[in-house]
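The values are calculated or read from the model by the stated rules, or taken from the named source; none is laboratory data. Computed from a predicted structure; not experimentally measured. Cβ placement follows ideal geometry from the backbone for every residue including glycine, while neighbour counts extend to all protein chains displayed. Accessible surface is based on the protein model in full, side chains and every heavy atom, while ligands, DNA and RNA are left aside. Shrake-Rupley method; radii C 1.70, N 1.55, O 1.52, S 1.80 Å.
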Amino acid sequence: RAKEIGKNNYQIYSSLLNISSYKLYALERDLRKAIENNEFFLHFQPRVDASTGTIVSAEALLRWRHPEWGIVSPREFIPLAEENGLILEIGDWVFQQVCYFIKSWEQKKLSIIPISINISAQRFLKNDFIETVKKVLKETKINPKLIEFEITETTLIHHEEAVSSALQLLKEMGISIALDDFGTGYSSLTYLKQYPIDTIKIDRSFIRNISVFGKDEMIVKSIIFLAKGLQMKVVAEGVETNEQLSFLRQQECDEIQGYLFSKPVAEKEFQSLLNKTKLKPNSQLSKMDEMV
Ligand code: C2E
Ligand code: MG
Ligand code: MG
Ligand code: MG
């Protein structure tokens, strides 16, 4: 009897409180305290010159060390933060952290390269965004040329004047603009002619299927061609294999970001990567070559 009740209870609980919705609830609750509890930190993923393998810049990627669940992916918590508005505070924290990192690298005479920062549409479109950026740059006295903001097509579908003036002001300060996840949003070629975009980042979903689907190859090829014609820099995201790399080199893609060269890494490891002049592709294949 007791066994039966237990079983029924379990069934009821498992259907009402399934783990993932409990986790979602708890994550959102805990996200509010993550900044003050010092649970956020940054990883850096190198972007390399496609033809030489030299690291030319890096993307700052946010990580959350949750006391119970360990590292939570930004793919899980960024959407929650977008929903409850915490993304504003979190976004400012990331920008500030990056500026202070660059400043500390300068002070310690470590290597310095430009850093890209993901900016959510919400943050970008708030009135005080530019002021906040200016304030932190002034505080840290870092060169704005070392900063690139990654925005998505979703940002650009908003109010034309607001977007235009924010981009203009950032450009005047010397900050560069990259269009992230290109091809997955409301891609409009009008954006490319209308706004001062420096860099196009081809989304990983197209790169993944290079040498699998001819259509993806054609899309990647066309984006590279388009970017070159418009004198924009073009970066491939999520490059994992040597086949993908050689295709991208053939198409003269400018820069590569992906596990083939390096996963996102903590600051210390990032600095030691910077001390190597060139990164070598480190896929399974090249590892096997080394062993032979
Ligand atoms: P994203 O901006 O497109 O960043 C690239 C994502 O692709 C990163 O995931 C990176 O780790 C992953 N990636 C890079 N190379 C490879 C590869 O070769 N293979 C695979 N499988 N993945 C690769 P991550 O760090 O999990 O971030 C996911 C997304 O979360 C980011 O996509 C970005 O949209 C968002 N995000 C991360 N940090 C921030 C932040 O500070 N602010 C905002 N607003 N969003 C952020
Ligand atoms: Mg990005
Ligand atoms: Mg991306
Ligand atoms: Mg993304």
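Annotations for the structure displayed:
- Members of region 180-215 found to be of a type in the set (Gly, Ala, Ser) and more than 16 Å from ligand 3 (Cβ to nearest atom), listed by number: 188, 211, 214
- Residue 263 fulfils the conditions (1) within 16 Å of ligand 3 (Cβ to nearest atom); (2) buried (at least 17 other Cβ atoms within 10 Å of the Cβ); (3) on the phi < 0 side of the Ramachandran plot except for a single criterion, (2).
- Members of region 29-44 found to be buried (at least 21 other Cβ atoms within 10 Å of the Cβ) and part of a strand (DSSP E or B), listed by number: 44
- Filter result (open to solvent by less than 20 Å² (accessible area, probe 1.4 Å), part of a helix (DSSP H, G or I) and modelled with pLDDT of 95 or more) within region 160-176: 166, 167, 170
- When residues of region 177-220 are limited to those that are within 15 Å of ligand 2 (Cβ to nearest atom) and open to solvent by 70 Å² or more (accessible area, probe 1.4 Å), the one modelled with the lowest pLDDT: 184
- Counting only helices (runs of 4 or more DSSP H) that sit completely within region 103-159, those holding 3 or more residues that are within 16 Å of ligand 2 (Cβ to nearest atom), open to solvent by less than 70 Å² (accessible area, probe 1.4 Å) and on the phi < 0 side of the Ramachandran plot correspond to 121-125, 153-156.
- A Cβ distance below 6 Å, combined with a sequence gap of six or more or placement on separate chains, defines the contacts here; from region 217-240, residues that are farther than 14 Å from residue 178 by Cβ reach residues that are modelled with pLDDT of 95 or more and open to solvent by 60 Å² or more (accessible area, probe 1.4 Å) in the pairs 238/204; 240/259.
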